[in-house]
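Structure, as structure tokens:
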Amino acid sequence: MRALVFILALAAAPAYAQFNLRDLNINKLVDTAKNVVKATSDIAEPEEINIGRDMAARLLGAAPLVNDAPLQRYVNNVGRWLASQSERPDLPWHFGVLDAPEVNAFAVPGGTVFVTKGLLQRMHSEAQLAGVLAHEISHVLRKHHLKAIQKGAQTALAGDALQQAIKDRSGLARDKLISLGSELYTRGLDKSDEFEADRLGVVIAARGGYDSYGLPGVLQTLQASNAQDSTLAMMFKTHPSPTDRLGALSERMQPVLDQYATQPQLPERFAAETKKLR
């Protein structure tokens, strides 16, 4: 719980204002970015946020935050700047780096996003960080995890128990609901959700003023990695292959990728802010 409180404290820091591109209307270039998110049936936003906080606590129980306040503040600032470009800027967005060698990133309902130390160590620029964070932000915007939790709970919990689990944070039904949510991180979302988050993530990163090839750059690094590397096992298990993701982005998003490829990558600032991880 102390780690979760630490993330909440970091959220009080001002978001980055390194770019001023609020008028950049590249939503016209991708259909998924044009629609305002509709509320998931039966789960209001306050309940979504509470479910996410309970799930975040579970994740932090498995892997603590990296003990580096400047690093956490940096990632939090980049993430909050990107979230301010999104359809849900007023969610209580929080971002943190988990002290884990595995290569992965996670989002929970309501606006909390984690990236592992192992993934951060494989990045080379702030644009790449932005691409990954924007992908995770997109999962929250589209309520991918929330919808998957609700679908699973409708099978595992009777109607009354499901409503109780949503509203009562202390009951056994709630514990089962959060367990169902936690299982998503070892099972993975639908491939279509991951492809959608890639497309929308490219849009959000570009709107934030970053080189649109940040996320594809990370995917290319993963594509070139040793498939037998144990730190990549969960990433490859729970996501489509990097090759498939790159192909899907090229097919659907090439105009965006090319048009905004000259925006800043900021490798020097990224190196300075993450130097303790090297």
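With R₀ fixed at 25 Å, the C-beta to C-beta distance from Asp99 to Leu172 puts the FRET efficiency at about 0.20.
Over all directions, the average projected area of the alpha-carbon convex hull for region 182-243 comes to how many nm²?
On the way: hull surface 18.9 nm².
The Cα convex hull of region 182-243, projected and averaged over all directions, gives 4.7 nm².
If the chain linking His124 and Asn67 were pulled fully straight, counting 0.36 nm for each residue of separation and taking away their Cα-Cα distance, it would gain 18.4 nm.
Net charge of the neighbourhood of His139, taken over other residues with C-beta under 11 Å away and scored Lys/Arg +1, Asp/Glu -1, is -2.
Packing here is the average count of other Cβ atoms within 10 Å per residue, and on that basis the peptides 206-212, 247-253, highest first, run 206-212, 247-253. If you take all other residues with their beta carbon under 11 Å from the beta carbon of Asp99, and give Lys and Arg +1 and Asp and Glu -1, the sum is -1. Carbon and sulfur together cover what percent of the accessible area of region 190-262 at a 1.4 Å probe radius? Carbon and sulfur atoms account for 48 percent of the accessible area of region 190-262. For region 79-136, the share of DSSP beta bridges that are antiparallel, to the nearest 5, is 45%.
For the residue pairs Lys147/Lys237; Lys143/Lys176; Lys176/Lys237; Lys117/Lys191; Lys117/Lys143; Lys143/Lys276, alpha carbon separations beyond 29 Å are given by Lys143/Lys276. Charging the Cβ of each Asp and Glu at -1 and of each Lys and Arg at +1, and nothing else, the dipole of region 169-278 about its Cα centre rounds to 440 debye.
Distance between the 7 Å Cα→Cβ label points at Ser230 and Ala271: 3.2 nm.
Ignoring ligands, DNA and RNA, what percent of the 1.4 Å accessible area of region 69-125 is carbon and sulfur?
Accessible surface attributable to carbon and sulfur in region 69-125 totals 49 percent.
Electrostatic tally near Arg245: other residues with Cβ closer than 9 Å to its Cβ, Lys and Arg +1, Asp and Glu -1, net -3.
The values are calculated or read from the model by the stated rules, or taken from the named source; none is laboratory data. Source: prediction; values computed, not measured. Note that each Cβ is placed from the backbone with ideal geometry, even for glycine, and that neighbours are counted across all protein chains shown. The accessibility values were calculated without ligands, DNA or RNA, using every heavy atom of the protein model including side chains. Shrake-Rupley method; radii C 1.70, N 1.55, O 1.52, S 1.80 Å.
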